């Protein structure tokens, strides 16, 4: 899709999927309640995150002003045509500053365009981490690879499900969860670890997979970004545990 505009617009398809149309991040935040999770899998994703935060701060100030006006003169909320009565329905019920943001690359970076990789590589890391990690290892030329007899077709046919630990895919997923949880526990503050890895199962799963995305995307020149911002963890020594166990 085209690069985000300096006015804070991203590009989405129209209803017929025939052309791109601009969508304001400011409007998007007002439409969707908070807290929410946003995944920006596009080139120049860092620009989107910065603009998102800028508009979130603006909406937060508008919320504070509306609440202050309402507390001073609550009767104005029921006066037709008064700015206070018109503004309150347009604002989200809670601040978008609490939203979680995940971006595929930095402000001036383009997504990788490798025919051997899925076009949505970042999203694939977040949703199918085991298969994309194995696919990435098979493609590596400059590091010690997996068993040379393993090819892409074999990876696509790994038996089992991620929820069944008795299966091969389930066992790999269990190991991946243990390693990424430990990396996060060793690298993050207690407060951030508790918020991102222990309060909600979906959030925890996304951020475990985000650690993998950081490692894989960097190998293609992309620096993932997030809010809350996290320290680099792509070279943590425990990644080599996964590498040895997958051989």
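The values are calculated or read from the model by the stated rules, or taken from the named source; none is laboratory data. Keep in mind that what you see is a predicted model, and the values were worked out from it rather than measured. Cβ sites come from the backbone with ideal geometry, for glycine too, and all protein chains shown count toward neighbours.
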request  = Filter the stretch 1-31 for residues that are in contact with a strand residue (DSSP E or B) (Cβ under 9 Å, 6 or more places away or on another chain), loosely packed, with under 13 Cβ neighbours inside 10 Å and part of a loop (DSSP other than H, G, I, E, B) and give the result.
outcome  = 1, 2, 7, 14, 19
query = Only one residue in 4, 22 is at pLDDT 85 or above and under 18 Å from the mean Cα position of the chain (by Cα), so which one is that?
reply = 4
remark   = Of (1) in contact with a helix residue (DSSP H, G or I) (Cβ under 9 Å, 6 or more places away or on another chain); (2) in a helix (DSSP H, G or I); (3) closer than 19 Å to residue 134 by Cα, residue 158 satisfies every one except (2)
query = Just to be sure, is residue 97 assigned to a helix (DSSP H, G or I), closer than 29 Å to residue 44 by Cα and modelled with pLDDT under 90?
reply = yes
ask   = How many residues does the stretch 181-239 contain that are farther than 19 Å from residue 40 by Cα and assigned to a helix (DSSP H, G or I)?
value = 16
